[in-house]
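Please read the structure below before turning to the comments.
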Amino acid sequence: MKLKLYGAMLSPFVRKVRIMLALKKVDYDIDIKVSPLGVPEGYEKIHPLKKIPALAIDDGDRELALADSSAIAGFLEKLQPSPSFYPTNPLDYGQALWLEEYGDTFIAQNCTFGIFGNVFFSWARGETYDPEKVKMAFQRMEEVIAYIEPILGDRDWLVGEGMSIADIGVISHFFNVEHAGYRLTEADSPSLYALKKRIEEHPEIAPLLAEERIVIQKLKFESPDLTTLRH
């Protein structure tokens, strides 16, 4: 089976899929030219909404394109069931799906787009980012921390006894915040900080984040110090 992933590496949704692919040791090709800054002509045949990521699949008998990171992650779980990142307990499974969705919507809107999107895409357009919007996004990040902390508690993972799609879906967005110029600290949230550290130091995930930093260096994007806007 041949898999081809479409999407820029700095996208949290592309990152979520790449983490799943890496953890499950599934081979794939990637086209990083497709990004929120522009999609090539004809891409709508792969993703009708012209968003990222998309995964083109060719198993010899059938060709299929999947759009949306959650759909792709679910496909990968069925394609390569071990190791599993979806809990078997019904309650845990439901909670994991919800937390992934919470990451895709609320955290994405307020952390990824509110901070990274504001800073990085303003830079890409040759504009100056709006510090007041970044401040507001940091305030919304407090809501994320207040919601996630009680769920995580003193456990290593959000749901169950191991890393799940919930952890991947939530933490992926905080790497974008870091790329924009603010690294989550223990003072922000000891439990969330520890979860992020646990994921970024995973031997299968660390190389992916290193690749992202290389992309940023090649783009010559120098992130501002957002520390003063955090509080």
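The values are calculated or read from the model by the stated rules, or taken from the named source; none is laboratory data. Keep in mind that this is a model prediction, so the values were computed, not measured. FYI the Cβ positions are ideal-geometry reconstructions off the backbone, even for glycines, and counts take in every protein chain you see.
Miscellaneous remarks
- For the range 194-231, filtering for residues that are assigned to a helix (DSSP H, G or I), within 16 Å of the chain's Cα centre (by Cα) and not β-branched (Val, Ile, Thr) leaves 13.
- Among residues of the range 118-146 that are at positive phi and outside the structural domain of His173 (by TED's automatic domain parsing), none has a beta-carbon under 8 Å from a residue that is basic (Lys, Arg) and surrounded by 13 or more Cβ atoms within 10 Å (Cβ to Cβ) at least six positions away or on a different chain.
- With respect to the conditions (1) assigned to a loop (DSSP other than H, G, I, E, B); (2) in contact with a helix residue (DSSP H, G or I) (Cβ under 9 Å, 6 or more places away or on another chain), Gly162 falls short on a single one, namely (2).
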